[in-house]
Amino acid sequence: MELHRLTAIELVRMIQSGDVRPHEVIIDVFKRIQEVEGKVKAFITLTVEKAYNMARDAENDLFSGKKNILTGIPIAVKDNICTKGILTTCASKILYNFIPPYESTVTSRLLNHKYILVGKTNMDEFAMGSSTENSGFHITKNPWNLERVPGGSSGGSAAAVAADECIAALGSDTGGSIRQPASFCGVVGLKPTYGRVSRFGLVAFASSLDQIGPITKCVADSALLMNVIAGYDPMDSTSAPVGTPDFTENLGKDIKGFKIGIPKEYFIEGMDKEVEERIKDAIKHLESLGCIPVEISLPHTEYAVATYYLVATSEASSNLARYDGVKYGLRVEGKDLLDMYMKTRSKGFGAEVKRRIMLGTYSLSAGYYEAYYKKALQVRTLIKQDFEKAFEKVDFIVTPTAPTPAFKIGEKIDDPLQMYLSDIFTISVNLAGLPAISIPCGFSIDGLPIGLQIIGKPFDEAGILQLAYAYEQSTPWHKMKPIL
Ligand code: GLN
């Protein structure tokens, strides 16, 4: 049996009933990796030895009758999430040798549930990008078409899930980095509400936007992972002290009467025709399941890209000041301290990271702060208010996840503005701190997956999952697999 093709929910059932052993599962997953990783290149580090030890651990637990939510489930983790004793590079040459002395909260929680770490996945350097082409190490390919990007920045995680190189993965989303690669790779990606999942041990990019979330083969797996990773954490000062529901509890419940908002600003000129058609079909399908579509307006949408690229770069310029060659990571000696800083940072950071540090430093500098950073914060509030008003009328908002299916490798990399504009449908959600999911909703004529985004009210992940599950279970898309 091809165990690597199964979902987490399916495997959990088989492992806990004793039909299959964690050892067999991980052997099968590494066999799959051996077959396809040369083409997909989803990973920076494979943790083979560690994985076998973890499988043994999981089996010992099962043997003594302990059943945790994720016992024996092989999961891949984005390489900006700290794993104690395991290389964590953020796909940056400046952290090429960084081995964290501590464990992130999310991976500690996975450990408590006896998961198996498959490896650390490729990404855009410091999560800055939408294609994984900004990795300091190599480019990851889209399993559906190896000439296309997997999306980004969590492109390695999404590609690994789509290619069945793991059962599920973790990503991080600052402006769409879980949802957009999920949409490009035909899998499910959930960005939780800001504060829902602890960011302790997530290497900071833009701290007021970053969130960790699951990338999975189906909606139920997303709920399952949320049950493990979500919850208040005193180690993260932005962690929300709210109760954590059982995220699986609404799966399968009726969605009749749900009001779904369709923002007119999200159906814009220049959007790919096939994406538009698939999204409109998906809305009709939701209507056939009893949802009520309502046209809404999010009037400040046109400012979202500019606002995001000021807020995110400003925070990044400050967060990335710590890579100075002194305490960890790359160090290039110089004639004095300043020279060492300059040489280290020039050699260690890639072009996109440097561009953002410069943009951010500029917008925070005296004389420009009021005109750029502060203005951006004011517009951010307007964007947030747009959503608050919309959610007075509707329960969810439904949009495309990205304006196009996966683009070609090399197509946008020399045109940063085009790359930034491809984030148009995902970044407002981060600016407003809201939860949103991307689920597969069909394919282009060329066989590329298209994603549907469902945005919810703050902390209503369970509602989003309920709606997403109802859609998924009545459509065939999530069952399709790329041929590799
Ligand atoms: N593509 C966006 C950017 O380049 C979002 C990245 C992310 O969510 N980490 O900043």
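Can you give me the number of residues within region 194-232 that are polar (S, T, N, Q), within 16 Å of the ligand (Cβ to nearest atom) and surrounded by fewer than 24 Cβ atoms within 10 Å (Cβ to Cβ)?
Step one: of region 194-232, the residues polar (S, T, N, Q) are 198, 207-208, 211, 216, 222, 227.
Checking which are within 16 Å of the ligand (Cβ to nearest atom) leaves us with 207-208, 211.
Within this subset, residues satisfying the condition of being surrounded by fewer than 24 Cβ atoms within 10 Å (Cβ to Cβ) are 207-208.
Total meeting the criteria: 2.
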## Note on the structure
Result of the Cβ filter at 7 Å on region 173-190, keeping first residues that are among the basic types (Lys, Arg) and partners that are within 7 Å of the ligand (Cβ to nearest atom), at least 6 apart or interchain, is 179/173
## Note on the structure
Of the candidates 72, 65, the one satisfying the condition of being surrounded by fewer than 18 Cβ atoms within 10 Å (Cβ to Cβ), of a type in the set (Gly, Ala, Ser) and either part of a loop (DSSP other than H, G, I, E, B) or in contact with a helix residue (DSSP H, G or I) (Cβ under 7 Å, 6 or more places away or on another chain) (or both) is 65
### Task
For region 225-257, enumerate the residues that are within 19 Å of the chain's Cα centre (by Cα) and among the small types (Gly, Ala, Ser).
230, 231, 239
### Task
Answer yes or no: is there a residue in region 372-385 that is farther than 25 Å from residue 242 by Cβ, in a loop (DSSP other than H, G, I, E, B), of a type in the set (A, V, I, L, M, F, W, C) and touching a residue at least 12 places away in the same chain (Cβ under 8 Å).
no
### Task
Those residues that are part of a loop (DSSP other than H, G, I, E, B), surrounded by 13 or more Cβ atoms within 10 Å (Cβ to Cβ) and either more than 34 Å from the chain's Cα centre (by Cα) or without any contact (Cβ under 8 Å) to a residue 12 or more places away in the chain (or both), I need them from region 327-353; list them, please.
334
### Query
So which of 155, 151 ends up being near the ligand (Cβ under 10 Å from one of its atoms) and within 16 Å of the chain's Cα centre (by Cα)?
151
### Query
Based on what the data block shows, is residue 111 closer than 24 Å to residue 85 by Cα, without any contact (Cβ under 8 Å) to a residue 40 or more places away in the chain and not charged (D, E, K, R)?
yes
## Note on the structure
In region 107-130, anything assigned to a loop (DSSP other than H, G, I, E, B) and among the hydroxyl-bearing types (Ser, Thr, Tyr) is listed as 115, 130
### Number of the exception - residue 183 against (1) of a type outside the set (Val, Ile, Thr); (2) part of a loop (DSSP other than H, G, I, E, B); (3) more than 26 Å from residue 243 (Cα to Cα)
(2)
### Message
Just checking: which of the helices (runs of 4 or more DSSP H) contained wholly in region 403-484 hold 1 or more residues that are within 15 Å of the ligand (Cβ to nearest atom)?
### Response
416-421, 427-432
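Laboratory data are not the source of any read-out in this text; all were calculated from the coordinates shown. A quick note: this is a predicted structure, and the numbers were derived from the prediction, not measured. Every residue, glycine among them, receives a Cβ derived from its backbone with ideal geometry; neighbour counts consider all protein chains shown.
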